[in-house]
Amino acid sequence: MTDSPINTNMDRPAHLVATKSLRDILADLRKAEAWLLMAAIAAFLASAFFVVKYFVGGAMEPLNWSGEQWANALLGLSITAVITAAQAFLYSSGYKGSAAVVATVIVVFFGLFSEVSQSMEREDATVRHRSENSPVFQAALGSIQNLSAQAAMPSGRSQQLAAASGAVAQHEAELAACHEKYRTASRIQQCERYEHGKIAEARGAVASAETAASGSAAVVGSALSAAIMQAKTLEYDEDKHYAMIRLLKGLFNIGGIWASFLFSMIIIGTFEYAFHFVGSHVADHRRALLLMGRDTHGDVIHTETRDPATSDTAISGMTGNGIPRDFGNEARETYLNQITVTLNLYKLEHQQICGQIPASQGLVSSLA
């Protein structure tokens with residue numbers, strides 16, 4: 001003997017009718033509708049932040065938006081609102097079939113894409129904020145400012161170069177004045193030799209000062225370049241990711257951007273499933289109310305009074321007002337009528353046996 005397989009394809013509306021009272025179904029429906037509205041608002045906001053930011057060019061500063069940016073922002077909000085509303089209506093409709101599956105895939109893809117993108121953008125901004133406010137990055141900025149000031153201000157070697165250049169010019173002028181100062185040839189030659197020596201000494205000092213100044217400028221420039229490269233690295237520090245993202249990065253040996261994507265997919269994917277589940281919960285409870293012959297407010301749905309055998313509504317299963325027929329109440333009334341007829345026949349047969357009424361009268365009464 002083998003066990004029969006468990007039927008997991010349960011008719012949830014019928015199960016709700018069999019296990020819950022009307023009051024419980026209505027109470028659960030109201031709760032589910034409230035949660036569905038909350039999920040729709042959350043999905044709209046999560047998608048709207050990304051879509052609007054993209055439409056306005058990345059500047060999320062409404063006070064500084066131009067008229068064109070405001071128009072694009074309203075367009076992004078409208079598109080997101082329509083798609084989110086379609087998503088909520090689709091989830092709560094209970095539609096089945098290939099068309100419903102295709103529509104679900106489309107709206108879920110938009111929700112996943114926009115909400116995951118917004119989550120990654122938010123996490124990216126968090127990492128950049130943490131990096132720019134770290135003490136190490138601030139120290140790197142201070143080093144850049146100091147080196148830039150040193151490169152702009154004249155240093156001591158620059159002053160030495162200026163003094164040596166001035167000495168060269170002064171002794172060249174003295175050399176030219178030797179003929180005017182002295183009359184004899186010996187004194188003139190002695191003056192020229194002296195000034196030539198001083199000029200050579202001053203030019204040596206100029207060369208030395210130039211070499212020292214160029215070396216100092218090279219050192220400052222190299223240090224400034226290194227500080228700028230360090231600041232660029234620290235401006236977006238991968239170590240400033242959330243701890244869970246760093247864990248995913250090390251666990252799967254992937255880059256920070258892929259770890260952030262996986263982190264966002266886990267969060268948004270779970271939310272989308274919960275959104276769909278709440279919508280299905282609403283659809284099942286609405287269907288259960290219809291099976292009980294009730295509307296979403298718990299009131300009895302009144303069926304049409306025409307003959308079901310001759311009316312077109314009997315074929316379509318709908319009343320004249322477009323409301324589904326209450327087949328449950330009709331079956332119950334038919335059953336009660338059959339029970340009544342059977343009891344009447346039983347009573348007539350009992351009276352005939354006891355001789356209380358003639359057989360012909362009992363037959364007529366039973367046929368009536």
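Structure data summary
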item: Semi-axes of the equivalent ellipsoid for segment 83-154, Cα gyration tensor, largest first, Å; result: 54, 10, 8
item: Cα-based reach from Lys20 at 21 Å (exclusive), listing lysines while leaving out same-chain residues under 8 positions away; result: Lys31
item: Extended-chain gain in nm, criterion 0.36 nm per residue less alpha-carbon gap, Leu45 and Glu61; result: 4.1 nm
item: Label-point gap, in nm, between Val105 and Glu192 - each point 7 angstrom along Cα→Cβ; result: 10.2 nm
item: His302-Arg122 FRET efficiency (beta carbon distance; Förster radius 45 Å; 0.05 resolution); result: 0.30
item: For segment 228-256 versus segment 11-36, the gap between their alpha-carbon centres in whole angstrom; result: 48 Å
item: Stokes-Einstein D (µm²/s) once Rh is taken as the Kirkwood radius of segment 218-295 over alpha-carbon pairs, at 25 °C in 0.890 mPa s; result: 143 µm²/s
item: Computed lengthening from Tyr95 to Gln138, 0.36 nm per intervening residue step minus Cα-Cα distance; result: 9.7 nm
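None of the figures in this text is laboratory data; all of them are computed from the coordinates on show. Note that the structure is predicted; figures quoted are calculated from it, not measured. Note: ideal-geometry Cβ built from the backbone for every residue, glycine included; neighbour counts use all protein chains shown.
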